[in-house]
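The values are calculated or read from the model by the stated rules, or taken from the named source; none is laboratory data. Here the structure is a predicted model, which means the values were calculated and not measured. Here the Cβ is made from the backbone with ideal geometry for all residues, glycine too, and neighbour counts use every protein chain on show. Side chains are part of the model used for accessible areas, which takes the heavy atoms of the whole protein and leaves out ligands, DNA and RNA. Shrake-Rupley method; radii C 1.70, N 1.55, O 1.52, S 1.80 Å.
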Amino acid sequence: MPTDVDFPFPFTAPRPVPVAVEQARRRGVDWAVRHRLLQPTDAAIGRFTARRLADLAAGFCPKAGGTDLDVMTDVVTWAALCGDLFDGPAGDDPAFAGDVVRALLSTTAPYGEAGAAARVPVPAGAEGLVTATADLWERLRAPMTERWRERAGHNWARFLYSLTLRQEGMAMYLYLDAAERTGRYEVPERVLADPTARRLAELETDVLVLALEAGSGGHRAQVIDEIRHRVGGLAEEFRRLAAGLPALCDRLSCDPYERLSTERHLRAMTRQMRVTFDWSLATRRDAGRTVASGVLVGAGVSSVAVNAS
């Protein structure tokens, strides 16, 4: 979609403060370079920062700072770099892709077991990503309960397997888990397992996939109108279900902390939709081309490989 096409998006989110964006930008570069995922050259760093991943990280957790913001930044960076790998070498070699997934999952299975990674061979070319994954997972899991670790580990596995299958939709679960970690809250598992909450998570992904599809350059006006109509319908369903969350908490006998965590989960979903959509528009304007949405909604990122010289 050309950037001058009006495509109203029905969700809001607070804008992150510039100092948080700058912290995320520096952190994303430093972490990627330290784990040998990004070459420390001006050209490579320039291409990496042009992707504006810092806008996503700071937007996903606008009240976080310090090491909490660093965690969200590294999650966004990690998902993007995984997408690059599976869009490139791993995407062309199924056997290599499977070996990479097994090596990455070894750092979280069984959800952080000490020494697990040492027992799984690491394919040549994936060493940095494996060590980065282990580092990130340890910082994610440290303050969280075993129930959260099990859920988040499962979501990481879903995301990685989705990359090998070119499926979409899994990355948003990673960001919702990371929102809990950076905000230091946990949504009750019985809330997340309820059909209403599961449908809200599905709608978040569906809305984004459609809205970002409208941003692909080949669509004409009538197609954009159709997508606008479909997004509006999904957004209305999202609002209707979201309005029922207090009754859901009543039915599940949630205590005050659990109710607050559920409210924060809902805010995280709407914030991620708004931030993602705004990022997609801003990145297309800056780059002068369509930027793949895969970093946010599942499959690989077709933008420039960040470890290129």
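At a glance:
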| quantity | calculated |
| --- | --- |
| Some residue of region 137-155 being part of a helix (DSSP H, G or I), in contact with a helix residue (DSSP H, G or I) (Cβ under 9 Å, 6 or more places away or on another chain), under 25 Å from ALA211 (Cβ atoms) and modelled with pLDDT under 95 | yes |
| Selected residue (only one of LEU53, LEU105, LEU69 is at pLDDT below 95 and in contact with a helix residue (DSSP H, G or I) (Cβ under 8 Å, 6 or more places away or on another chain)) | LEU105 |
| Unique match (being of a type in the set (A, V, I, L, M, F, W, C), open to solvent by 20 Å² or more (accessible area, probe 1.4 Å), within 25 Å of TRP156 (Cα to Cα) and in a helix (DSSP H, G or I)) among VAL75, VAL33, VAL19 | VAL33 |
| Conditions (1) crowded, with 22+ Cβ neighbours inside 10 Å; (2) of a type outside the set (Ser, Thr, Tyr); (3) not in a helix (DSSP H, G or I): number failed by ALA24 | (3) |
| Residues of region 226-257 that turn out to be open to solvent by 40 Å² or more (accessible area, probe 1.4 Å), farther than 15 Å from ASP206 by Cβ and not aliphatic (A, V, I, L, M), as a count | 7 |
| Among the residues listed as ARG27, ARG52, the single one being touching a residue at least 40 places away in the same chain (Cβ under 8 Å) and on the phi > 0 side of the Ramachandran plot | ARG52 |
| Hits in region 52-72 (condition: outside any helix (DSSP H, G or I) and either in contact with a strand residue (DSSP E or B) (Cβ under 8 Å, 6 or more places away or on another chain) or surrounded by fewer than 24 Cβ atoms within 10 Å (Cβ to Cβ) (or both)) | ARG52, PRO62, LYS63, GLY65 |
| Members of region 86-102 found to be assigned to a helix (DSSP H, G or I) and at pLDDT 85 or above, listed by number | PRO94, ALA95, PHE96, ALA97, GLY98, ASP99, VAL100, VAL101, ARG102 |
| Candidate set from region 126-155 (those that are touching a residue at least 60 places away in the same chain (Cβ under 8 Å) and of a type in the set (Asp, Glu)); member that is least open to solvent (accessible area, probe 1.4 Å) | ASP135 |
| Selection status of THR283, under 20 Å from the mean Cα position of the chain (by Cα) and either surrounded by fewer than 18 Cβ atoms within 10 Å (Cβ to Cβ) or modelled with pLDDT under 95 (or both) | yes |
| Residues of region 36-51 satisfying the condition of being of a type outside the set (Val, Ile, Thr) and outside any helix (DSSP H, G or I) | ARG36, LEU37, LEU38, GLN39, PRO40, ARG51 |
| Unmet criterion (only one of (1) in a helix (DSSP H, G or I); (2) touching a helix residue (DSSP H, G or I) at 6+ places or on another chain (Cβ under 6 Å)) for PHE9 | (1) |
| Residue check for ARG274: under 27 Å from VAL21 (Cα atoms), out of contact with any His (no Cβ under 9 Å at 6 or more places or on another chain), open to solvent by 30 Å² or more (accessible area, probe 1.4 Å) and touching a residue at least 24 places away in the same chain (Cβ under 8 Å) | yes |
